[in-house]
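Written below as structure tokens is the structure these notes are about.
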Amino acid sequence: EMAGTLGDRKQKSHDLASQAADRLRALFPGWQVSAQVDSGSPAGALLDHAGQFRPDLIVVGSHGFSTLERVTLGSVSQRIVTEAQCSVRVARGRIEEEADTPVRVLVAVDGSEHAARAADQVLRRKWPSGSEVKLITCVGPHLEKHEPSIITSLTSPVAAMLEEIAEKLRAAGLQVVTKVSLEDPKRAIIDEAESWGADSIFIGSRGLGRISRFFLGSISTAVTARAHCSVEVVR
């Protein structure tokens, strides 16, 4: 009976992998897609395979129980986000059958190299017509204690930096708006994504940019865990 159960699990694994591969081939006819089934710890197996395959991007689900064994995907995705050497996309939210449905993308910016890479990834992707991008940066709740003139003097250079990035994205045909927040970065990004209805968040894996107290490395894991939509941590 145990052998039969193990055999059933293996068959389900192969079926799931084949179905996923078929879906990708249908969506991206020009891609070379292969399917593989590994045994052992899901996170460990994925990281080991990534070390051999050297992908540019790993895509994982956000949470839930596997149909094959009682493993929470949340714990798997968090380990991969933390330990992977490449960018990681944690997928959640709506599934659009139509590839041309416009989307909303929130990009967290702090002036660091990793944040710049996140914006570059958005620039390099092909987005459906009508898609919108919002650039957000946070200068910290500590500024609220200062006079309005001081706040303006500190946030104006930040707004100019965002506008410079926005112009590059607009040149690629995207609709772009910017926002400078005085909230805590973790809460600001998560709340903005939800209130704006973002389909995806792009954020650098780490880095301290020109904007003090905005440590992307300290917030990317929190945003990945709590956001309602997909999150791509860019390396």
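Arg79 fulfils the conditions (1) of a type outside the set (Gly, Ala, Ser); (2) outside any loop (DSSP other than H, G, I, E, B); (3) farther than 28 Å from Ser205 by Cα; (4) at pLDDT below 90 except for a single criterion, (3). A single member of Arg23, Arg70 is farther than 19 Å from Arg125 by Cα, surrounded by fewer than 12 Cβ atoms within 10 Å (Cβ to Cβ), at pLDDT 90 or above and outside the structural domain of Ile219 (by TED's automatic domain parsing), and it is Arg23. If the condition is being more than 22 Å from Asp100 (Cα to Cα) and in contact (Cβ under 8 Å) with a residue 60 or more places away in the chain, then the range 3-44 contributes only Arg9. Residues in the range 104-127 that are buried (at least 24 other Cβ atoms within 10 Å of the Cβ) and either acidic (Asp, Glu) or part of a loop (DSSP other than H, G, I, E, B) (or both): Val109, Asp110. Cβ separations smaller than 9 Å between residues 6+ apart or across chains give the following pairs from the range 117-131 residues that are touching a residue at least 24 places away in the same chain (Cβ under 8 Å) to residues that are basic (Lys, Arg) and part of a loop (DSSP other than H, G, I, E, B): Arg117/Arg235.
The values are calculated or read from the model by the stated rules, or taken from the named source; none is laboratory data. Since this is a predicted model, take the numbers as computed values, not measurements. Every residue, glycine as well, gets a Cβ built from its backbone with ideal geometry; the counts of neighbours run over all protein chains shown.
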